[in-house]
Amino acid sequence: MVYDNNNGGEYGKYFVQNSPGPAMDADFKALYDQFAKRILWMDGNVCPGAFQMNTAWYFNAAPRDPMFTEHEHGDTNELVCFFSSDPENPYDLGGKIEFSLEGEPHLLTKSTMIYIPAGMKHNPMRILEVNRPIFHCSIIMKEAYEEDSTYK
(Lines give C-alpha, C1' and ligand atoms only; values in the text may rest on other atoms or scores of the structure.)
Protein backbone atom coordinates (compact mmCIF):
# COMPACT_ATOMS: atom_id res chain seq x y z
CA MET A 1 0.00 0.00 0.00
CA VAL A 2 1.17 3.53 -0.82
CA TYR A 3 -0.11 6.30 1.42
CA ASP A 4 -1.11 9.60 -0.15
CA ASN A 5 1.31 12.20 1.24
CA ASN A 6 1.11 12.05 5.04
CA ASN A 7 -2.34 10.49 5.28
CA GLY A 8 -2.18 7.27 7.22
CA GLY A 9 0.27 4.54 7.88
CA GLU A 10 2.44 4.05 10.91
CA TYR A 11 4.94 6.69 9.74
CA GLY A 12 2.68 9.30 8.16
CA LYS A 13 3.28 11.55 11.17
CA TYR A 14 6.87 12.14 9.96
CA PHE A 15 5.75 13.75 6.68
CA VAL A 16 5.05 17.41 7.42
CA GLN A 17 3.34 19.31 4.60
CA ASN A 18 1.55 22.04 6.51
CA SER A 19 2.70 23.81 9.64
CA PRO A 20 1.90 27.31 10.85
CA GLY A 21 5.29 28.21 12.25
CA PRO A 22 6.05 30.02 15.48
CA ALA A 23 3.69 32.38 17.23
CA MET A 24 4.21 35.95 16.05
CA ASP A 25 2.54 39.02 17.41
CA ALA A 26 -0.01 40.48 14.97
CA ASP A 27 2.09 43.52 14.03
CA PHE A 28 5.16 41.42 13.20
CA LYS A 29 3.06 38.90 11.24
CA ALA A 30 1.59 41.73 9.12
CA LEU A 31 5.12 43.04 8.50
CA TYR A 32 6.52 39.56 7.71
CA ASP A 33 3.78 38.91 5.16
CA GLN A 34 4.95 41.96 3.15
CA PHE A 35 8.33 40.39 2.29
CA ALA A 36 8.19 36.65 3.00
CA LYS A 37 6.06 33.55 2.66
CA ARG A 38 6.70 30.77 5.15
CA ILE A 39 6.71 27.34 3.51
CA LEU A 40 7.11 24.90 6.38
CA TRP A 41 8.21 24.89 10.00
CA MET A 42 9.42 21.79 11.81
CA ASP A 43 10.10 21.40 15.52
CA GLY A 44 9.31 19.11 18.42
CA ASN A 45 5.80 20.56 18.67
CA VAL A 46 5.03 19.63 15.05
CA CYS A 47 6.73 16.24 15.16
CA PRO A 48 7.87 14.97 18.59
CA GLY A 49 11.64 14.48 18.69
CA ALA A 50 12.37 16.64 15.63
CA PHE A 51 14.87 19.50 15.61
CA GLN A 52 13.77 22.99 14.56
CA MET A 53 13.85 24.05 10.92
CA ASN A 54 12.26 27.04 9.19
CA THR A 55 11.77 27.47 5.43
CA ALA A 56 10.51 30.56 3.61
CA TRP A 57 10.65 32.49 0.36
CA TYR A 58 11.75 36.13 0.49
CA PHE A 59 10.07 38.01 -2.36
CA ASN A 60 10.53 41.70 -1.40
CA ALA A 61 12.99 43.87 0.45
CA ALA A 62 11.91 44.14 4.06
CA PRO A 63 9.79 47.20 4.85
CA ARG A 64 11.67 47.78 8.11
CA ASP A 65 15.40 48.01 8.66
CA PRO A 66 16.71 45.93 10.28
CA MET A 67 14.14 43.17 9.92
CA PHE A 68 15.64 40.87 12.53
CA THR A 69 17.66 42.13 15.49
CA GLU A 70 20.82 40.78 17.11
CA HIS A 71 20.34 37.74 19.33
CA GLU A 72 22.00 34.48 20.28
CA HIS A 73 21.08 30.89 20.99
CA GLY A 74 22.92 30.04 24.21
CA ASP A 75 23.86 26.38 23.85
CA THR A 76 22.79 25.59 20.30
CA ASN A 77 24.50 25.88 16.93
CA GLU A 78 22.50 27.30 14.02
CA LEU A 79 22.73 27.08 10.27
CA VAL A 80 21.20 29.96 8.28
CA CYS A 81 20.91 29.67 4.49
CA PHE A 82 19.95 31.86 1.54
CA PHE A 83 19.65 30.27 -1.92
CA SER A 84 19.14 31.53 -5.46
CA SER A 85 15.95 30.59 -7.27
CA ASP A 86 17.67 30.66 -10.68
CA PRO A 87 18.50 27.09 -11.79
CA GLU A 88 20.68 28.46 -14.61
CA ASN A 89 22.81 30.47 -12.17
CA PRO A 90 22.37 28.91 -8.72
CA TYR A 91 25.08 31.00 -7.06
CA ASP A 92 23.62 34.40 -8.03
CA LEU A 93 21.37 35.19 -5.08
CA GLY A 94 19.21 37.58 -7.06
CA GLY A 95 19.29 40.16 -4.31
CA LYS A 96 21.26 41.63 -1.44
CA ILE A 97 21.09 40.61 2.20
CA GLU A 98 23.25 42.01 4.96
CA PHE A 99 23.91 39.56 7.79
CA SER A 100 26.10 40.24 10.85
CA LEU A 101 28.05 37.95 13.15
CA GLU A 102 29.24 39.51 16.42
CA GLY A 103 28.55 42.97 14.98
CA GLU A 104 30.57 42.31 11.79
CA PRO A 105 28.31 42.92 8.76
CA HIS A 106 28.60 40.86 5.55
CA LEU A 107 26.85 41.63 2.26
CA LEU A 108 25.46 38.50 0.61
CA THR A 109 24.92 38.46 -3.16
CA LYS A 110 25.59 34.72 -3.67
CA SER A 111 23.86 31.61 -2.35
CA THR A 112 25.20 31.28 1.18
CA MET A 113 25.19 28.93 4.16
CA ILE A 114 26.19 30.51 7.49
CA TYR A 115 27.30 28.37 10.42
CA ILE A 116 26.65 30.14 13.74
CA PRO A 117 28.31 28.49 16.76
CA ALA A 118 26.37 28.29 20.03
CA GLY A 119 26.43 31.58 21.92
CA MET A 120 27.55 33.69 18.94
CA LYS A 121 25.58 36.89 18.52
CA HIS A 122 24.12 37.23 15.05
CA ASN A 123 22.01 39.68 13.10
CA PRO A 124 20.83 42.32 12.50
CA MET A 125 19.70 40.98 9.17
CA ARG A 126 18.77 43.44 6.47
CA ILE A 127 16.92 42.31 3.35
CA LEU A 128 18.09 45.10 1.07
CA GLU A 129 17.09 43.99 -2.41
CA VAL A 130 15.15 41.10 -3.93
CA ASN A 131 15.15 40.81 -7.73
CA ARG A 132 13.69 37.29 -7.74
CA PRO A 133 12.60 35.04 -4.87
CA ILE A 134 15.30 33.99 -2.42
CA PHE A 135 14.86 30.70 -0.58
CA HIS A 136 15.70 30.94 3.13
CA CYS A 137 16.07 28.21 5.69
CA SER A 138 17.46 27.99 9.19
CA ILE A 139 18.17 24.96 11.34
CA ILE A 140 18.69 24.70 15.10
CA MET A 141 19.49 21.29 16.54
CA LYS A 142 16.97 21.60 19.38
CA GLU A 143 13.31 20.69 19.55
CA ALA A 144 12.30 24.34 19.91
CA TYR A 145 13.52 27.69 18.64
CA GLU A 146 14.91 29.70 21.53
CA GLU A 147 16.77 32.98 21.59
CA ASP A 148 17.37 35.81 24.00
CA SER A 149 14.63 37.81 22.28
CA THR A 150 11.38 36.96 20.51
CA TYR A 151 9.93 37.85 17.12
CA LYS A 152 9.06 41.53 17.28
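The values are calculated or read from the model by the stated rules, or taken from the named source; none is laboratory data. Nothing here was measured: the structure is a model prediction, and the numbers come from that model. Neighbour counts run over all protein chains shown; Cβ positions are idealised from the backbone, glycine included. With ligands, DNA and RNA removed, areas are computed over all heavy atoms of the protein, side chains included. Shrake-Rupley method; radii C 1.70, N 1.55, O 1.52, S 1.80 Å.
Mind telling me which of Glu78, Glu98, Glu88 comes out most flexible in a GNM of the chain, alpha-carbon contacts under 10 Å?
Of Glu78, Glu98, Glu88, the Gaussian network model singles out Glu88 as fluctuating most.
Got a number for the accessible area of Cys81? Probe 1.4 Å, square angstrom, nearest 10.
Ignoring ligands and nucleic acids, Cys81 comes out at about 0 Å².
Please give the contour-minus-distance gain from Met141 to Leu40: 0.36 nm per residue of separation, less the Cα-Cα distance, rounded to one decimal in nm.
34.7 nm
Just to be sure I understand the curve: with the Debye formula and one point per C-alpha of the stretch 32-105, what is log10 I(q)/I(0) at q = 0.22 Å⁻¹?
For the stretch 32-105 at q = 0.22 Å⁻¹, log10 I(q)/I(0) is -1.30.
Work out, step by step, the length gained on full extension between Glu129 and Ala26: first 0.36 nm times the residue separation, then minus their alpha carbon distance; give nm to one decimal.
34.6 nm
Mind pulling the per residue volume of the convex hull built on the Cα atoms of the chain? Å³ is fine.
Output value, Cα hull per residue: 123 Å³.
What does the charge count near Ser85 come to, summing +1 for each Lys or Arg and -1 for each Asp or Glu among other residues with Cβ under 11 Å from its Cβ?
Here the charged neighbours net out to -2.
Go through Ser85, Ser100 and list them by solvent-accessible area, largest first, probe radius 1.4 Å.
Listed by decreasing accessible area, they come as Ser85, Ser100.
Report the Cα centroid-to-centroid distance between the stretch 1-75 and the stretch 83-152 in angstrom, as an integer.
Taking the Cα centre of the stretch 83-152 as reference, the centre of the stretch 1-75 is 15 Å away.
Mind ranking Asp75, Asp25 by accessible surface for me, highest first, 1.4 Å probe?
Solvent-accessible surface, decreasing: Asp75, Asp25.
What is the sum of charges, Lys and Arg at +1 and Asp and Glu at -1, for the other residues whose Cβ falls under 13 Å from the Cβ of Trp57?
+2
Under 8 Å for C-alpha pairs, at least 6 residues apart: give me the relative contact order for the chain, rounded to a whole percent.
28 percent
As a check on your grasp of the helix formula, calculate [θ] at 222 nm for the chain: sum -39500 (n - 2.57) over DSSP H runs of n ≥ 4, divide by the residue count, round to the nearest 500.
About -1000 deg cm²/dmol.
Mind telling me which of Val16, Val46, Val80 comes out most flexible in a GNM of the chain, alpha-carbon contacts under 10 Å?
Val16
Just how much of Met125 is accessible, in Å², when a 1.4 Å probe is used and the result is rounded to the nearest 10?
About 10 Å², rounded to the nearest 10.
Quick one: plug the Kirkwood hydrodynamic radius of the stretch 1-75 (C-alpha pairs) into Stokes-Einstein at 4 °C, 1.567 mPa s, and report D in µm²/s.
88 µm²/s
For Trp57 and Lys96, calculate 0.36 nm times their separation in residues minus their Cα-Cα distance, and state this gained length in nm to one decimal.
Length gained between Trp57 and Lys96: 12.6 nm.
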